[in-house]
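One structure is given here, and the rest of the page talks about it.
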Amino acid sequence: MSVINSDSMRAGASGVSAAGYVIENSCRFNPGDSAFMSRTPSGSGTGGGKVQTISVWLKRCNFGVTHRFLSGTATKETTIQFNDTNTLHAHTTSGADLDSRSVYRDPSAWYHLVCAFDTTQGTASNRLKIYVKCVQETSFDNTSYPDEDSE
């Protein structure tokens, strides 16, 4: 649910109250701040590091530039970003490289993005699935999937 403060055009996700409503546990990043969130997993978890799902809500604000919103370590890197062409790009050091054909450039839209990694799957295209607004992205210019059973 997006809540807009029409006086300043800031979204409710920035912590701004609109009509007495505050969105808890949300954040907003300014492009020039170099701010980020990080998490270090305490163990390999379910699937032994072979099964992971990432879900985010985001709103695009600048177009024609690359915006990385997920990045991993140098040894086990996972990168998910909007390219300067406003397409979605996913990359992993385990062999995935996907570039969507869909273009995402609606400044008023909230995008719900889900990336599901499951390298235990025998079929390569089932090892990395990307959903945008609950619709699976299936049309890619570049398709390279993670190696089976990679972490």
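Here are the numbers:
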item	result
Karplus (6.51, -1.76, 1.60) ³J(HN,Hα), θ = phi - 60°, over segment 54-69, in Hz, Gly and Pro reported as x	10, 10, 9, 10, 8, 10, 6, 10, 10, 10, x, 10, 7, 10, 8, 10
Nearest-10 value in Å² for the accessible area of LEU70, using the 1.4 Å probe	50
Length gained when the stretch ASP149-THR53 is fully extended (0.36 nm per residue, less Cα-Cα span)	33.0 nm
Aspartates and glutamates whose Cα lies under 12 Å from that of LYS50, excluding same-chain neighbours fewer than 8 positions away	ASP118, ASP147, GLU148, ASP149, GLU151
Using a Förster distance of 25 Å, the FRET efficiency for LEU70-THR123 (Cβ separation, nearest 0.05)	0.55
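The values are calculated or read from the model by the stated rules, or taken from the named source; none is laboratory data. A quick note: this is a predicted structure, and the numbers were derived from the prediction, not measured. Using ideal geometry, Cβ is built from the backbone for each residue, glycine included, and neighbour counts are taken over all protein chains shown. Quick note on the areas: whole protein, heavy atoms, side chains included, nothing else; ligands and nucleic acids left out. Shrake-Rupley method; radii C 1.70, N 1.55, O 1.52, S 1.80 Å.
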